[in-house]
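Notes follow once the structure below has been shown.
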Amino acid sequence: MNFVVVILSGSSQQLTTATVEFGRWGTKTNQSIMVCDTWEQGFNAAKQKFDHALFVKSGTIFTDWDQWQQLLSSYPHKGLIAHIIWHPSGIPDINDQCWFVDLSKFTVTDLNESVTFKVPKRSQKNLHDDYTPFWISPGTTHSEITAAGLGAHLISQSLNRGDTVVNWNNSARNIKKFIYQDCQDSWQSWLSDYFELSEHQFWVLNNEAVCVPKVTSLLTPGSGLYWIVAAMLGATDIHVVDISATQIAFCKHVWHNWNGQDYGTFAWDFIQNNQIGHYELDRADLSAADRMSYDIQENFISHVDQSAVEIFNNHGITDPVGQWNIVKSQCSVQFSQDNIIEHAIANNTYQYIWDTNVTDYKWSRLKTSVSDIEKFKRICNEKRNN
């Protein structure tokens, strides 16, 4: 299905966008997204390129976008899915926090054009309370209602075409939630499993290209070999800042206990001794078979050692043991579990900052303001250009 997510701008826009751009565990979804200031603006833009659109208000959070897509692809509907609200004494309407439409069945005037329609039939059961019917369908009575407001307009157009309108079921509501004004911090508990993973993530190797400049002062995340190579190339003041407690613990262990050789064995022993069940090598998209093969000690150590030697050679490091011994006597290294973006803004004293994919990381996008992310990008670019 070719659909776009249209996000109505608002104070929690970055949270909504992040949970659409990234899946439950932080993998990029490549979902098409538009941001609009009005629903009419978003509708017109979506209709230029897409046949379906999911309209969401800023503050809507998706706990698992891949699961949401699967649900949406098989959801039974006749062109409109929404949070139907129909109080016993009122007229049918929708809560516009999240609604999905077949764009071929509507025009932009349907969002605000007043239409009269016969009183519809409704499901006997409600999702909750007495005002959330599972569905409403075209009525046959002679009494009529005149639409008033976005939701009633959309519903009236559907019913007058003879189409049933369906509500979001409980499966959808378990994935999609909304931040209301009286519970602004609730969204963090909805994503607690992701935060638990990311704040204990362990990268043995880097999953991005490792190209380390020769600098004396460096601020860097702790993943993989980057900070180690920087130290071997002459950096004398290094601050490793990472959101992962496990990554920081490993970096400290490297600094205090590694002798410069057998990095694969050293990392393997750390994993086993600390009973680390989840770790990453140099590819986050390893197949299940590859992951199982690296659970075998011999395969893990061989792969990690070969990768380390290749990275050292690429940077002209031919004697890592000797250079590491020099590093230990000449370099000062600090370790902090922290948000590197906020740290860099507050402590802008480093010659170079390795920003890697920090600003395009789900955790950063959820935990850092848009303005701070942009400020961090400017700081990194200035240091890179100097």
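The values are calculated or read from the model by the stated rules, or taken from the named source; none is laboratory data. Note that the coordinates shown come from a computational prediction; the quantities given were computed from them, not determined experimentally. Note that each Cβ is placed from the backbone with ideal geometry, even for glycine, and that neighbours are counted across all protein chains shown.
Kindly establish whether I341 is farther than 21 Å from A249 by Cβ, modelled with pLDDT of 95 or more, among the aliphatic types (A, V, I, L, M) and surrounded by 13 or more Cβ atoms within 10 Å (Cβ to Cβ). Here the answer is yes, as I341 does meet what is asked. Does R291 satisfy being part of a loop (DSSP other than H, G, I, E, B), among the charged types (D, E, K, R) and exposed (fewer than 15 other Cβ atoms within 10 Å of the Cβ)? Considered against the rule, which asks whether it is part of a loop (DSSP other than H, G, I, E, B), among the charged types (D, E, K, R) and exposed (fewer than 15 other Cβ atoms within 10 Å of the Cβ), R291 comes out as no. Among residues of region 253-266 that are closer than 17 Å to Y294 by Cβ and in contact (Cβ under 8 Å) with a residue 40 or more places away in the chain, those with a Cβ under 8 angstrom from a residue that is buried (at least 16 other Cβ atoms within 10 Å of the Cβ) and among the aromatic types (F, W, Y), sequence gap 6+ or separate chain, pair up as G264/F300. Just one of the listed residues (Q247, Q275) is in contact (Cβ under 8 Å) with a residue 12 or more places away in the chain and not aliphatic (A, V, I, L, M), namely Q247. In region 123-139, is there at least one residue being in contact with a His (Cβ under 8 Å, 6 or more places away or on another chain), hydroxyl-bearing (S, T, Y) and at pLDDT below 90? No: region 123-139 contains no residue that is in contact with a His (Cβ under 8 Å, 6 or more places away or on another chain), hydroxyl-bearing (S, T, Y) and at pLDDT below 90. Within region 93-110, is even one residue part of a loop (DSSP other than H, G, I, E, B), outside the structural domain of H303 (by TED's automatic domain parsing) and either touching a Gly at 6+ places or on another chain (Cβ under 9 Å) or over 24 Å from T16 (Cβ atoms) (or both)? Among the residues of region 93-110, at least one is part of a loop (DSSP other than H, G, I, E, B), outside the structural domain of H303 (by TED's automatic domain parsing) and either touching a Gly at 6+ places or on another chain (Cβ under 9 Å) or over 24 Å from T16 (Cβ atoms) (or both), which makes the answer yes.
Within region 295-313, the set of residues being crowded, with 19+ Cβ neighbours inside 10 Å and under 31 Å from the mean Cα position of the chain (by Cα) comprises F300, V304, S307, A308, I311. Among the residues making up region 38-92, those that are in a loop (DSSP other than H, G, I, E, B) and either crowded, with 16+ Cβ neighbours inside 10 Å or acidic (D, E) (or both) are F50, D51, S58, G59, T63, D64, H77, K78, G79, W86, I91, P92.
Under the condition of being surrounded by fewer than 17 Cβ atoms within 10 Å (Cβ to Cβ) and among the β-branched types (V, I, T), the residues counted in region 25-37 number 2.
Of note, F335 does not satisfy the criterion of being in contact with a His (Cβ under 9 Å, 6 or more places away or on another chain), in a helix (DSSP H, G or I) and either at pLDDT 95 or above or outside the structural domain of F250 (by TED's automatic domain parsing) (or both).
Pairs linking a residue in region 325-352 that is over 17 Å from W363 (Cα atoms) to a residue that is assigned to a strand (DSSP E or B), with Cβ atoms under 6 Å and 6 or more positions apart or on different chains, are S332/D237; V333/I238; Q334/H239; F335/V240; Y350/S217; Y350/L219; Q351/S217; Y352/L218. Among the residues of region 212-232, the ones that are free of Cβ contacts under 8 Å to residues at least 60 places away in the same chain and surrounded by fewer than 19 Cβ atoms within 10 Å (Cβ to Cβ) come to 1 in all. Scanning region 111-128 for residues that are free of Cβ contacts under 8 Å to residues at least 60 places away in the same chain and within 33 Å of the chain's Cα centre (by Cα) turns up N126, L127, H128. Annotation: of all residues in region 351-375 being in contact with an Asp or Glu (Cβ under 8 Å, 6 or more places away or on another chain) and more than 17 Å from S12 (Cα to Cα), the one that is surrounded by the most Cβ atoms within 10 Å (Cβ to Cβ) is T356. Summed over region 326-369, residues that are more than 30 Å from S192 (Cβ to Cβ) and not small (G, A, S) total 11.
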